[in-house]
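The values are calculated or read from the model by the stated rules, or taken from the named source; none is laboratory data. None of these values were measured; they are calculated from a predicted model. Note that we place each Cβ from the backbone using ideal geometry, even for glycine, and neighbour counts take in every protein chain shown. Each accessible area value is taken on the protein alone, full model and side chains, heavy atoms only, with ligands, DNA and RNA left out. Shrake-Rupley method; radii C 1.70, N 1.55, O 1.52, S 1.80 Å.
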Amino acid sequence: TYRMDVATRFRLQVMRPEVLELMSEALATPEANIPVLRGRLYRQLKSVYEELKQSGLQQFQFHLADNRSLLRFHLPQIAGDPIFNLRPSVRIANTEKREVSGFEVGRTVPAFRYVFPVASEGRHLGSVEISISFDRIQENLSHLLAGGDFGLLLDKKTVLDTIDPANIEKFAGAPVHADFLIENPTVS
């Protein structure tokens, strides 16, 4: 259900000619000149991002086909960094040019991610990612299943190898085993 919702939002709200034009221009622009394009893209899709957040979607990101992050709506000040090594879903979407969905740990939070390749006139431009946190899924499951209790265990080594140190306080040790973490319920 989440995948269908996200795919529809991507198709109707993101895949617009003006967005494709900006991504195409960004791909051909050196990183030093990208901030202006990034700002235009942000302003163009800010209302879409606000709507995504209201519906519980957590992250909205654009990546270029050449391995550069173009825009993270939740952290617009961090961009231009290579992303393929850290994020297999983004690498696969861009190298195999196919939609990728699944759970993945990122630099700030783990999430269920939906990554869509973007092309225009036969040219691969990059990808767009829309993510939802486990917290939101847990909240919906509890509502649907009358207060059920759900948890998600995260491999400690994977989290520690991937997450930025500034975000480690979002996690706590899992009570079931020392090799696992949970998202810290007092923070997340």
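If we only count strands (runs of 3 or more DSSP E) wholly inside segment 44-107, which ones have 3 or more residues that are touching a strand residue (DSSP E or B) at 6+ places or on another chain (Cβ under 8 Å) and either among the small types (Gly, Ala, Ser) or without any contact (Cβ under 8 Å) to a residue 40 or more places away in the chain (or both)?
Because the criterion is at least 3 residues that are touching a strand residue (DSSP E or B) at 6+ places or on another chain (Cβ under 8 Å) and either among the small types (Gly, Ala, Ser) or without any contact (Cβ under 8 Å) to a residue 40 or more places away in the chain (or both), the strands (runs of 3 or more DSSP E) in segment 44-107 that meet it are 69-72, 100-105.
Criterion first (within 19 Å of VAL115 (Cβ to Cβ), surrounded by 15 or more Cβ atoms within 10 Å (Cβ to Cβ) and in contact with an Asp or Glu (Cβ under 7 Å, 6 or more places away or on another chain)) does LEU27 satisfy it?
yes
Table: residues versus (1) within 16 Å of the chain's Cα centre (by Cα); (2) of a type in the set (Val, Ile, Thr); (3) on the phi > 0 side of the Ramachandran plot.
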position	(1), (2), (3)
TYR2	yes, no, no
VAL6	yes, yes, no
LEU22	no, no, no
GLU31	no, no, no
LEU52	yes, no, no
LEU71	yes, no, no
ALA93	yes, no, no
GLU104	yes, no, no
VAL109	yes, yes, no
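Pairs under 8 Å by beta carbon, first residue under 14 Å from GLY80 (Cβ atoms) and assigned to a helix (DSSP H, G or I) in segment 17-37, partner open to solvent by 40 Å² or more (accessible area, probe 1.4 Å) and of a type in the set (D, E, K, R), six or more apart or different chains?
LEU27/ASP66; LEU37/GLU25
I need the full set of residues from segment 67-82 which are closer than 19 Å to SER24 by Cβ and crowded, with 16+ Cβ neighbours inside 10 Å, in order please.
ASN67, ARG68, SER69, LEU70, LEU71, ALA79
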